Amino acid sequence: MNYLKATDLLPDDLLKEVQRYIQGELIYIPSRPSERRRWGESSGAALYYLIRNEEIRARFSERVPIDELSEQYGLSVDRIKKIVY
């Protein structure tokens, strides 16, 4: 994370208003909610797990035993149960 100087970014009147509440301290300003991405959207992890879990459910519906699914996907039996149930 890079730190930016408020004096370089904010108009004087806004800077003075912020200084009324906090002076000389670090402050975190979060992104606007509309610009936030959900977990895994940037890296593709969310899509990977969605597809994997759909495959597990499909194989389970084809009567593949839970312990076999556990071995194949490298997941615990309890995790497979959470996915299919």
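The values are calculated or read from the model by the stated rules, or taken from the named source; none is laboratory data. As the structure is a prediction and not an experimental result, all values here were calculated from the model. Virtual Cβ from ideal backbone geometry, glycine too; neighbours counted across all protein chains shown. Calculation scope for accessible area: heavy atoms of the full protein, side chains included, ligands and nucleic acids excluded. Shrake-Rupley method; radii C 1.70, N 1.55, O 1.52, S 1.80 Å.
If only the Cβ of Lys and Arg carry +1 and only the Cβ of Asp and Glu carry -1, the dipole of region 1-83 around its Cα centre is close to 200 debye. Label-to-label distance for Glu68 and Asn2 is 5.5 nm, based on points extended 7 Å past Cα in the beta-carbon direction. Checking [x] 3, 10, 15, 12, 9, 7, 6, 7, 6, 6, 9, 6, 3, 0; [y] 3, 15, 27, 28, 19, 7, 1; [z] 3, 17, 19, 20, 16, 10, 7, 4, 3, 2, 1, 0 against P(r) over Cα pairs in 5 Å bins from 0, in percent calculated from these atoms, the matching label is [x].
Working from Cα pairs under 8 Å separated by at least six residues, relative contact order for region 26-85 is 24 percent.
Set Lys and Arg Cβ to +1 and Asp and Glu Cβ to -1, take the dipole of the chain about its Cα centre, and tell me which of Tyr48, Leu75, Ile22 lies farthest positive. Farthest towards the positive end: Leu75.
Gain on full extension, evaluated as 0.36 nm per residue between Glu55 and Glu25 minus their Cα-Cα distance, stands at 5.8 nm.
The mean accessible area for residues of the chain, using a 1.4 Å probe and ignoring ligands and nucleic acids, is 92 Å² per residue.
The helix-only estimate of mean residue ellipticity at 222 nm for the chain, built from DSSP H runs of length n ≥ 4 each weighted as -39500 (n - 2.57), is -16000 deg cm²/dmol after division by the residue total.
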